[in-house]
Amino acid sequence: MNGRVLVAIALLVLAGALVFAARPHEATADERIDQITTELRCPVCQGLSVKDSTSETARQMRDLVAQRVREGKTNAEIEAEFRTAYGDWIFLSPPLSSWSGLVWLVPVAVIAAGLGLVSARLRGPGAPAPTAPSAAQVAALRERVAREEAAEG
Amino acid sequence: MSAGDLGAAALRAALFLSLWGTGAAIYAAWRRDARALHSARIAAGIGFALVVLAALSMMFALATHDFSILYVAENNARETPLFYSVISLWAALEGSILLWTAILAGATAFIAVRGTVAIPRLATTALAVMFAMLTFFLLLITTPAADPFARLALAPDNGNGPNALLQNHPLMALHPPLLYLGYVLTSVPFAYAIASLILGEGGDRWLVATRRFALISWALLGVGIVAGAWWSYAVLGWGGYWAWDPVENAAIMPWLTSTAYLHSVMVEEKRSLLRTWNLALVVATFALTILGTFLTRSGVVNSVHSFSLSAIGPLLLGYLVAILVLSVGLLLWRSGRLRDAGPIGAPLSREAIFLFQNVLFMAATLTVLLGTLYPLVAEAISGAQLSIGGPYFDRVEIPLALALLFLMGVGPQLPWHGASRATLERQFTAPIVAAAAGAVAALVTGTTALAAVLTYALGAFVIATVVQEFARGVRARRTLHGEDGVAAFSNLLRRSGRRYGGYVVHLGIVVVALAVATSQARTVDAERTLAPGESLQVAGYTVRLDAVRAVSEPQRESIVADLVVTGNGANQDLRPALVQYPSSAQAVGSPGIGAGLRDDVYTILAAYDQRTLSWATIRMRVIPGVSWLWLGGAVVGIGAVIAGAPPPRRRVVRMPIAEVAAPAK
Amino acid sequence: MMVVRVAIVVALLGLVITLGLAFRRDPHDIRTGTVGKPAPAFTLQRLDGSGDVALADLSGKVVVVNFFASWCLPCTEENPALVRVYERYRSSNVVMLGVNYQESRENGLAYVRRMGMGWTTVADTDGRVALSYGVFGPPETFFIGPDGVIAGRHIGPIDEATLVTGIETLRTRAAR
C-alpha cells in the first residue's frame with residue numbers, strides 16, 4: 001500500500017512538472033525571432049536554418065526578422081514576406097495548407113498501420129497463458145543451447 | 001612501376017579473383033564441393049590482400065604527391081601535411097569507394113576463413129553473396145565511373161588540395177572509416193539472410209552465425225554517427241552537431257532499423273517468432289546503407305557531403321534495384337515457410353514491447369526516408385520546390401524518440417509472455433519515483449522546455465530501471481556464489497554480457513538524450529563587434545578579445561582572434577579563426593571551443609577588419625552539457641563491447657529443464 | 001497479408017521511380033521566386049555617393065537589375081557581357097542597374113571603376129533589396145518590364161545572348 005501511495009504522489013509531481021513546463025506564455029520578442037528564424041532556410045547554406053547559419057545572408061535575414069518583430073508584425077506577416085520572395089522553398093518544414101503538407105501524415109500512417117498489424121498478433125486478455133513446455137520443445141531448447149555454445153566457443 | 005600502376009593492377013587482379021570466388025562459392029554450395037570451397041577461400045584471402053595493397057598504394061601516392069593520378073591532383077597538394085594526405089583516401093568519391101571495397105573484401109575473407117568452418121552450406125552460400133557484392137564494387141572502381149587510379153596525361157605541378165572542410169580537423173581520420181566499417185559490415189548479416197532464404201532453411205542458424213556481426217556493425221554505425229556529430233560540431237562552425245543533412249539521414253536510417261533488429265531478434269531467439277520480420281529488417285538495414293550511399297554520392301540531393309556528379313549514380317541505383325528485387329522476391333517467396341505459429345504475447349509482455357518499439361523505429365526510419373526524398377517527389381510530380389529540414393524532423397522524431405525512451409525503460413522490466421500486477425508494482429515503483437525526481441531536477445536546473453523536461457523524466461526512469469537491474473543481479477550473485485560486490489558486478493558484465501552490456505548501452509543512450517535535451521533547450525547566443533581589450537558577456541562567461549592577427553602556414557592562411565574566456569570557474573584561451581585554403585573560394589570558419597563537463601563556450605570569428613585588423617565580430621554560444629553527448633556515445637560503444645565480448649569459457653553444464661524452459665524473471 | 005505484400009512492392013517501386021526521376025533534376029535549378037510579380041520597390045544610394053536611385057522613377061523603361069560583388073568570381077566572368085550590352089543599349093530606354101551585394105562601399109566602388117562598369121551602381125548595404133527579390137547569391141539578373149513586373153530572372157553568370165533576348169522580349173512587348 002505504501003508503494004502505491006508513493007507512486008501516486010510521484011505521478012502527481014510528474015504531471016505538475018509537465019503542466020508547468022507546458023504552461024502557455026506570451027513569447028518575448030527574442031523568442032519570436034528564434035521561432036521564425038528556426039523555420040527559415042538559409043539560401044546560401046546546405047539545409048541550415050537562418051538561426052543557425054553564420055553566413056552574411058543569414059545575418060541579414062535575422063536583422064530583417066528582428067526589425068519586423070519590432071515593427072509589430074505578426075509571425076504570419078513576416079513569413080508571408082519571405083514566401084513572396086523565395087516561395088515555399090524558404091521554409092524548412094512544409095506548410096500544412098498545401099498538398100505538400102501530406103508529408104506530415106507519414107509518421108501517423110506508419111504508426112497506425114504498425115499498431116494495427118501488431119495488435120492483430122497479440123494475445124487477447126482472455127486467451128490462455130502458455131502451458132508448461134512439451135518434451136519436444138525442451139529437446140529443441142537443449143539442442144539450441146548446445147549449438148549456441150558450440151558457435152560461441 | 002609507380003604506386004598508381006601497382007594499385008590499378010592489384011584491383012584488376014582482385015576483380016578476377018572475386019569473379020572466380022563467386023563462381024567457386026556457388027559451385028561449392030550447390031555440389032557441396034570441398035575443393036571449390038577451398039579455392040574460394042584462397043581467392044577471398046588473396047583478393048583482400050590485393051585490395052588492401054591498392055588502398056595502401058593510394059595512400060602512398062597521396063603521401064608522395066603523385067599528381068599524375070587524377071584523384072591525387074584533385075584532392076592533394078604539395079603543402080598538404082602528411083596526416084591529411086594519408087586520410088585523403090576517403091576525402092572524395094573514388095577513394096571512399098576504394099576504402100569501402102577494402103572493408104568488404106576483408107569481411108568476405110573473414111567469412112571465407114572463419115564462417116565456413118562450422119556451418120558449411122549456409123556459410124558457403126553467404127560467401128557467394130559476399131563475393132557477388134564485392135565483384136560489383138570492384139567493377140565500380142576498375143571502370144571509369146569511379147576509378148581511383150585514373151591518370152592525367154600531363155601531371156600538374158601542384159594539386160588542388162583536399163576540400164577545406166576535410167583538412168581542418170583530425171576527427172576526419174576517425175569518423176568516415178568508422179561509418180564505412182559499420183555500413184559494410186551490415187552486408188554480413190544480409191549475406192547470411194539471403195543464403196538462408198535461398199536455401200529455404202527455416203530456423204535461426206543464420207541468426208546465431210551473424211549475431212555478433214550485427215552487433216558490431218550497429219555499434220560502429222552508432223559510434224561513427226556520434227563521431228560525425230562531433231566532427232560537424234568542431235568543424236562546421238555553427239555550434240550544432242546535427243542538421244538532418246541528407247548524409248546524416250543516410251547514416252541514421254540503417255542504424256535505426258539495425259537497432260530495431262537487435263531487439264526483435266531476441267523475440268525470435270526466445271520464442272521462435274518474427275522470422276520473416278527479422279529477415280526483412282536485415283535486408284532493410286543493408287538496402288538503406290546502399291540507398292544512403294546512392295543519395296549522397298550521386299548528387300541527386302544537396303548535402304555538405306555530396307561529391308561532384310559522376311557516372312556512379314545510375315550504377316549504384318542499378319545495384320540497389322538488383323538488391324531489392326532479389327531480397328524482396330526471396331522474402332515474398334519464402335515467407336509462407338517462415339510463418340510463425342501462434343500469437344505473440346500479452347500487451348504487457350517483453351515481446352509486445354519489442355514489437356511496439358519496432359513500430360516506432362519503423363515510423364522513425366520511414367519519416368527520415370520520406371522526409372529526405374519528399375522534395376524530389378514533390379518536384380517530380382508538381383514541379384514545386386520545397387524544403388524539408390530540421391523543424392520537420394524535430395517535430396516528428398522528438399516525440400518518437402521520447403516514446404522509445406519510455407519503452408527502453410519499460411521493456412527490460414517486463415517478463416516474457418506477460419506480467420502480473422504484483423510484478424508491475426515491484427518493477428516500476430522506484431523508476432516512477434525517479435521519473436518525478438528527474439522532471440523536478442530539470443525545472444530546478446532551469447531546463448524548462450516541455451520536451452526537455454520529459455527527456456529528464458524518462459531518462460531518470462530508465463536509469464532507475466538499469467540501476468535496479470544491476471542491484472538485483474549483484475545481490476543474486478552475492479547470495480548464490482558468495483561473491484563480494486565488486487566481483488559480482490564484474491561477473492555480471494563478463495558472464496551475462498549480452499544482457500548487462502545491453503543495459504550499459506541503454507545508459508549511454510540516456511546520457512546522449514540528456515545531452516541533446518540540455519544543449520537544445522538552454523543554448524544561449526550573443527554576437528558583438530569587439531576592439532582588442534573589449535569583452536562580451538554571456539551566461540556568466542566573459543570573453544575578452546586580446547588581438548586579431550594573421551597567421552601564415554604552407555597549406556593555408558588564417559585570421560585568428562585571440563580570446564580569453566573567464567567566469568564560472570573557466571580560464572581558457574580560445575582561438576577561433578577564418579581559414580583560407582587555396583582550393584576553396586571562401587574562407588572556412590574554424591570555431592574556438594572551450595569544452596567543459598558543464599558548458600561548452602563556442603566562439604566563432606564572424607567578421608574582422610580586413611585592412612588594419614582593428615576589430616573582430618565574435619559570435620559566442622554557451623552550450624550546456626554538449627560534452628556528455630560524446631561521452632554518451634563512448635558509453636554506448638563500451639556497452640556494445642561488453643555485450644559482444646565472448647563470455648569466458650566454461651564447462652558445458654546441462655541446465656535443469658525447469659530453468660531452461662521457464663520464462664525469464 | 002496480401003495487402004501488405006502489394007503495399008510493400010508498390011512502395012518500393014515508388015521509391016525506385018523517384019530516385020530514377022531525380023537524375024533529371026538539377027539541384028542548382030531554382031525556380032521559386034518573384035518572376036511574374038511586380039518588382040519590389042526600392043530606393044538605394046549610389047555607390048559613388050551621388051544621391052539615391054528609386055526603382056519607381058524608372059517606370060516605363062526596361063530595367064535590368066544585376067546583383068554583383070567584387071568577391072564573386074562568376075561576376076567577374078560575366079562582366080564583359082554586361083559591358084557590351086550596356087554599350088549597345090545605352091542610348092535607348094533600357095536602364096541597367098547594378099546592385100552591389102554584401103560588401104563595403106569602398107570595395108564595391110573600386111571594383112566598379114576597375115571593371116569599367118559605366119552604368120548606375122547602387123549599394124544594398126543591409127541586403128534588404130536582395131532579400132525582397134529572393135536572391136540566393138550573386139550574380140543574379142532580373143528583367144523588369146515597363147509595367148514594373150519582373151519578366152525574367154537568371155541565376156549565375158549571364159552571357160550576352162541571354163541578356164539581349166531578355167531585353168528584346170520586353171522591348172517588343174512594350175512596343176505592341
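The values are calculated or read from the model by the stated rules, or taken from the named source; none is laboratory data. Because the structure is predicted, anything quoted here is derived from the model rather than measured. Virtual Cβ from ideal backbone geometry, glycine too; neighbours counted across all protein chains shown.
Which of the residues spanning region C:71-93 are surrounded by 20 or more Cβ atoms within 10 Å (Cβ to Cβ) and not in a helix (DSSP H, G or I)? Answer for region C:71-93, where residues must be surrounded by 20 or more Cβ atoms within 10 Å (Cβ to Cβ) and not in a helix (DSSP H, G or I): just C:CYS72. Out of (1) within 11 Å of chain A (Cβ to nearest Cβ); (2) in a helix (DSSP H, G or I), what's the single condition that is false for B:HIS417? The single condition B:HIS417 does not satisfy is (2). Given the criteria modelled with pLDDT of 90 or more and closer than 29 Å to B:GLN357 by Cα, does B:VAL512 qualify? Taking the combined requirement at face value, the residue satisfies it. Residues being surrounded by fewer than 17 Cβ atoms within 10 Å (Cβ to Cβ), free of Cβ contacts under 8 Å to residues at least 40 places away in the same chain and within 30 Å of C:GLY137 (Cα to Cα) are entirely absent from region B:587-609.
For B:ARG337, the criteria (1) assigned to a loop (DSSP other than H, G, I, E, B); (2) touching a residue at least 24 places away in the same chain (Cβ under 8 Å); (3) at the interface with chain A (Cβ under 9 Å from one of its Cβ atoms) hold in every case but one, which is (3).
Give me the pairs: first residue in region A:83-95 and more than 7 Å from every other protein chain (Cβ to nearest Cβ) and closer than 17 Å to A:SER53 by Cα, second residue of a type outside the set (A, V, I, L, M) and not in a helix (DSSP H, G or I), beta-carbon distance under 6 Å, and six or more apart or on different chains, which are they? Here the result reads A:ILE90/A:ARG41, each pair linking region A:83-95 to a residue that is of a type outside the set (A, V, I, L, M) and not in a helix (DSSP H, G or I).
The number of residues in region B:143-164 that are touching a Leu at 6+ places or on another chain (Cβ under 7 Å) and not charged (D, E, K, R) comes to 5.
Can you spot a residue in region C:89-110 that is within 14 Å of chain A (Cβ to nearest Cβ), in contact with a Ser or Thr (Cβ under 8 Å, 6 or more places away or on another chain) and on the phi > 0 side of the Ramachandran plot? Looking for residues that are within 14 Å of chain A (Cβ to nearest Cβ), in contact with a Ser or Thr (Cβ under 8 Å, 6 or more places away or on another chain) and on the phi > 0 side of the Ramachandran plot, one finds at least one in region C:89-110, hence yes. When we screen B:THR285, B:THR289, B:THR276, B:THR259 for residues that are polar (S, T, N, Q), within 14 Å of chain C (Cβ to nearest Cβ) and either surrounded by fewer than 24 Cβ atoms within 10 Å (Cβ to Cβ) or in contact (Cβ under 8 Å) with a residue 24 or more places away in the chain (or both), the only hit is B:THR276. Taken together, the residues in region B:436-448 that are more than 8 Å from every other protein chain (Cβ to nearest Cβ) and touching a residue at least 60 places away in the same chain (Cβ under 8 Å) amount to 2.
Here the condition is being touching a residue at least 60 places away in the same chain (Cβ under 8 Å), of a type in the set (Val, Ile, Thr) and surrounded by fewer than 17 Cβ atoms within 10 Å (Cβ to Cβ); of B:THR22, B:THR64, it holds for B:THR64 alone.
Given the criteria facing another protein chain (nearest Cβ under 8 Å), surrounded by 19 or more Cβ atoms within 10 Å (Cβ to Cβ), not β-branched (Val, Ile, Thr) and not in a helix (DSSP H, G or I), does A:GLY114 qualify?
In short, no.
Of the numbered criteria (1) surrounded by 22 or more Cβ atoms within 10 Å (Cβ to Cβ); (2) out of contact with any Leu (no Cβ under 9 Å at 6 or more places or on another chain); (3) touching a residue at least 40 places away in the same chain (Cβ under 8 Å), the one B:LEU386 fails is (3). From the list B:GLN586, B:GLN572, B:GLN520, pick out the single residue that is of a type in the set (S, T, N, Q), outside any strand (DSSP E or B) and within 28 Å of B:GLY446 (Cα to Cα). Unique residue meeting the criteria: B:GLN520.
Listed conditions (1) among the polar types (S, T, N, Q); (2) within 7 Å of chain B (Cβ to nearest Cβ); (3) in contact (Cβ under 8 Å) with a residue 40 or more places away in the chain are all met by A:GLN46, apart from (3). Quick one: would you say B:LEU165 is crowded, with 24+ Cβ neighbours inside 10 Å and under 30 Å from B:VAL622 (Cα atoms)? Taking the combined requirement at face value, the residue does not satisfy it. The residues in region C:115-148 that are within 14 Å of chain A (Cβ to nearest Cβ) and part of a strand (DSSP E or B) can be counted, and the count is 4.
Please go through region B:533-554 and give me each residue that is assigned to a loop (DSSP other than H, G, I, E, B) and either at pLDDT 90 or above or touching a Lys or Arg at 6+ places or on another chain (Cβ under 9 Å) (or both), ordered by number. Once the filter is applied, which keeps residues that are assigned to a loop (DSSP other than H, G, I, E, B) and either at pLDDT 90 or above or touching a Lys or Arg at 6+ places or on another chain (Cβ under 9 Å) (or both), region B:533-554 yields B:GLY533, B:GLU534, B:ALA539, B:PRO554.
Sub-7 Å Cβ pairs linking a first residue in region C:103-120 that is surrounded by fewer than 18 Cβ atoms within 10 Å (Cβ to Cβ) to a second residue that is of a type in the set (Val, Ile, Thr) and part of a helix (DSSP H, G or I), at least 6 apart or interchain, are C:GLY116/C:VAL83, ordered by first then second residue.
When B:VAL462 is tested against (1) in contact with a Gly (Cβ under 6 Å, 6 or more places away or on another chain); (2) within 14 Å of another protein chain (Cβ to nearest Cβ); (3) assigned to a helix (DSSP H, G or I), only condition (2) is not met. Where helices (runs of 4 or more DSSP H) fall entirely within region A:1-108, those with at least 1 residues that are at pLDDT below 85 and over 22 Å from the mean Cα position of the chain (by Cα) are at A:2-22, A:56-70.
A count restricted to region B:221-246 and to residues that are under 21 Å from B:ALA173 (Cβ atoms) and either in contact with a Pro (Cβ under 6 Å, 6 or more places away or on another chain) or not aromatic (Phe, Trp, Tyr) (or both) stands at 15. Looking across region C:77-113, just one residue is among the polar types (S, T, N, Q) and under 17 Å from C:THR162 (Cα atoms), and that is C:ASN79.
Exactly one residue among B:ALA422, B:ALA403, B:ALA430 is over 33 Å from the mean Cα position of the chain (by Cα), assigned to a helix (DSSP H, G or I) and within 30 Å of B:LEU273 (Cα to Cα), and that residue is B:ALA422. Close contacts from region B:360-376, counting a first residue that is over 16 Å from B:PHE294 (Cα atoms) and more than 7 Å from chain A (Cβ to nearest Cβ) and a second that is among the hydroxyl-bearing types (Ser, Thr, Tyr) and not in a helix (DSSP H, G or I), with Cβ to Cβ under 8 Å and a gap of 6+ residues or different chains, come to B:PRO375/B:SER387. Among the criteria (1) in contact (Cβ under 8 Å) with a residue 12 or more places away in the chain; (2) away from chain A (no Cβ under 14 Å), the one B:VAL433 does not fulfil is (2).
Here is a yes/no grid of residues against (1) of a type outside the set (Ser, Thr, Tyr); (2) more than 10 Å from chain A (Cβ to nearest Cβ):
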{"site": "B:LEU326", "(1), (2)": "yes, yes"}
{"site": "B:LEU332", "(1), (2)": "yes, yes"}
{"site": "B:PRO343", "(1), (2)": "yes, no"}
{"site": "B:PRO347", "(1), (2)": "yes, no"}
{"site": "B:ILE353", "(1), (2)": "yes, yes"}
{"site": "B:GLN385", "(1), (2)": "yes, no"}
{"site": "B:TYR392", "(1), (2)": "no, no"}
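Residues in region C:121-166 that are within 16 Å of C:LYS61 (Cβ to Cβ), surrounded by fewer than 20 Cβ atoms within 10 Å (Cβ to Cβ) and in contact with a Phe, Trp or Tyr (Cβ under 8 Å, 6 or more places away or on another chain): C:ALA151, C:GLY152.
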